[in-house]
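The values are calculated or read from the model by the stated rules, or taken from the named source; none is laboratory data. Bear in mind that the values here come from a model prediction, so they are computed numbers and not experimental data. In this analysis, Cβ positions are derived from the backbone assuming ideal geometry, glycine residues included, and neighbour counts consider all displayed protein chains. Each accessible area value is taken on the protein alone, full model and side chains, heavy atoms only, with ligands, DNA and RNA left out. Shrake-Rupley method; radii C 1.70, N 1.55, O 1.52, S 1.80 Å.
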Amino acid sequence: MAFAYLSRFRDALAGLRREGRYRVFTDIVRARGDYPRADFHAQGAKRPVVVWCSNDYLGMGQHPKVLAAMHEAVDAVGAGSGGTRNISGTTHYHVELEAELADLHGKEAALLFTSGFVSNDATLATLAKLLPGLIVFSDALNHASMIEGIRHGGVEKRVFRHNDMADLEAQLGQADPTAPKLIAFESVYSMDGDFGPVAAICDLAEKYGALTYLDEVHGVGLYGPRGAGVAARDGAMHRVDIVEGTLAKAFGVMGGYIAASTELIDCIRSFAPGFIFTTSLAPAIAAGVLASVRHLKESDEERATLHVRASLLKRLLTEAGLPVMDSPSHIVPVFVGDAALCKAVSDSLLYDHGIYVQPVNYPTVPRGSERLRFTPSPLHSEAMLKDLVRALDQVWTAHRLSRAA
């Protein structure tokens, strides 16, 4: 008798639905030139919404320079890259973009990937193979892509308590002093919105002879001189061995990258299957990112306005007695604490108030810490912020939710 494949699949999905964790993709069409407004498509109809959960933090996906660069690239060279980086897929756009990213972080070289997830996964797994006996010290709240990369490397992993330098040092001190070591951490933890202590971790890395691997996905473009990230803001970028970032958040397009020494980049380029065997980014994407990086190196306006908007939203939420979670960064999480309720609140905001924010449930966050995660941008007006808080206040009352963060 054959295995009951369909029944197993149905049971797995039913379990997600019972827990309120079944993910529903919201079908939206952003309006060029009118972001954060979009059209929400459902049941054969569409309705206007304001998007509050995009990672296009600075609205660069709508910037005229970015759009023009992408149009020009399509007209000049066509659509796809035509192959992997080794086989016809390296265009001058890719070469220029890698040089810009290396310069942004003050590193010798950079390497492009198709996403931030792939850059973390491929790099960390490959480092494990290049450094026999490697011990990876990983922050407890590191992103799934880092966790997967470490797991795929098959090396010893030691998890230290989030941002706890005493715990990290204790674990480093217990390790074989002759073993290669790597500390993997983030600059901005995207669900809580807190910062990693970059300088303190670099101090420990230098003391115990470890490499540092910093995920700047939620920091690059948003902090530091020229948008080089939190490490640059803190004056510690030169002390970080490997910086990883994304091209899909502050830069508004798509892709991921690492920046480091020439030798390390060459090793990842030469040994990482996730890089070697993947078709390269489309030239138009590389061209759009290139325009975005160059603009944000010169312009502080978008960053400054973003931080003003985020601060105002936190203040308005606090004044309304809503459970905004403490966050020093641009990310604004609001605590719910229950998966089903989180989905219900999200649905009420979407269908009753034209506000789109996705519920954040397990496994993205631990059970019992479910939340809504708001990401105001420079393109969200003060009126939009006030409308959002009014709607949240009404939905909180209607669902009889706790106002304690």
Just to be sure I understand the filter: pairs with C-beta atoms under 6 Å, separated by 6 or more residues or on different chains, first member in the stretch 281-306 and more than 15 Å from Val220 (Cβ to Cβ), second member part of a helix (DSSP H, G or I) and of a type outside the set (A, V, I, L, M). Which pairs pass? Pro283/Tyr93; Ala286/Tyr93; Ala286/His94; Ala287/Tyr93; Ala291/Lys65
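Please determine whether any residue of the stretch 59-79 is touching a strand residue (DSSP E or B) at 6+ places or on another chain (Cβ under 6 Å) and either open to solvent by 30 Å² or more (accessible area, probe 1.4 Å) or farther than 18 Å from Gly245 by Cβ (or both). Even if it seems obvious, please write down each step before you answer.
Within the stretch 59-79, the subset touching a strand residue (DSSP E or B) at 6+ places or on another chain (Cβ under 6 Å) is none.
No, there is no match, as no residue in the stretch 59-79 is touching a strand residue (DSSP E or B) at 6+ places or on another chain (Cβ under 6 Å) and either open to solvent by 30 Å² or more (accessible area, probe 1.4 Å) or farther than 18 Å from Gly245 by Cβ (or both).
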Total residues in the stretch 143-181, condition open to solvent by less than 10 Å² (accessible area, probe 1.4 Å) and either in contact with an Asp or Glu (Cβ under 7 Å, 6 or more places away or on another chain) or assigned to a helix (DSSP H, G or I) (or both): 7
If we scan the stretch 311-325, do we find a residue that is without any contact (Cβ under 8 Å) to a residue 24 or more places away in the chain and open to solvent by less than 30 Å² (accessible area, probe 1.4 Å)? no
Say whether the condition of being in contact with a helix residue (DSSP H, G or I) (Cβ under 6 Å, 6 or more places away or on another chain), open to solvent by less than 10 Å² (accessible area, probe 1.4 Å), within 29 Å of Val95 (Cβ to Cβ) and without any contact (Cβ under 8 Å) to a residue 40 or more places away in the chain is met by at least one residue in the stretch 253-276. no
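Just checking, which of Leu104, Leu112 is under 21 Å from the mean Cα position of the chain (by Cα) and in a helix (DSSP H, G or I)? Give the derivation first.
Working: Leu112 fails: in a helix (DSSP H, G or I).
Answer to the check: Leu104.
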I'd like to verify a number: residues in the stretch 348-405 that are open to solvent by 60 Å² or more (accessible area, probe 1.4 Å), part of a helix (DSSP H, G or I) and closer than 15 Å to Val334 by Cα, how many? 3
Among (1) within 23 Å of Val332 (Cα to Cα); (2) at pLDDT 95 or above, which single condition is Arg30 missing? (2)
Among the residues of the stretch 227-247, are any open to solvent by less than 40 Å² (accessible area, probe 1.4 Å), closer than 25 Å to Gly61 by Cβ, among the polar types (S, T, N, Q) and modelled with pLDDT under 95? no
Take His94 and tell me if it is open to solvent by 50 Å² or more (accessible area, probe 1.4 Å), at pLDDT 95 or above and part of a helix (DSSP H, G or I). no
Answer residue from the stretch 194-225, given it is open to solvent by 10 Å² or more (accessible area, probe 1.4 Å) and aromatic (Phe, Trp, Tyr) and is farthest from Ile147 (Cα to Cα) among those: Tyr223
Here are the criteria: (1) of a type in the set (Ser, Thr, Tyr); (2) under 30 Å from Tyr93 (Cβ atoms); (3) surrounded by fewer than 18 Cβ atoms within 10 Å (Cβ to Cβ); (4) within 21 Å of the chain's Cα centre (by Cα). Tell me which single one Ser292 does not satisfy. (3)
Checking Leu322, Leu317 in turn, the sole residue that is outside any helix (DSSP H, G or I), of a type in the set (A, V, I, L, M, F, W, C) and more than 21 Å from the chain's Cα centre (by Cα) turns out to be Leu322
Among (1) modelled with pLDDT under 95; (2) out of contact with any Ser or Thr (no Cβ under 8 Å at 6 or more places or on another chain); (3) not hydroxyl-bearing (Ser, Thr, Tyr), which single condition is Phe40 missing? (2)
Helices (runs of 4 or more DSSP H) wholly inside the stretch 199-299 containing at least 1 residues that are among the hydrophobic types (A, V, I, L, M, F, W, C), touching a strand residue (DSSP E or B) at 6+ places or on another chain (Cβ under 7 Å) and under 12 Å from Leu104 (Cβ atoms): 230-233
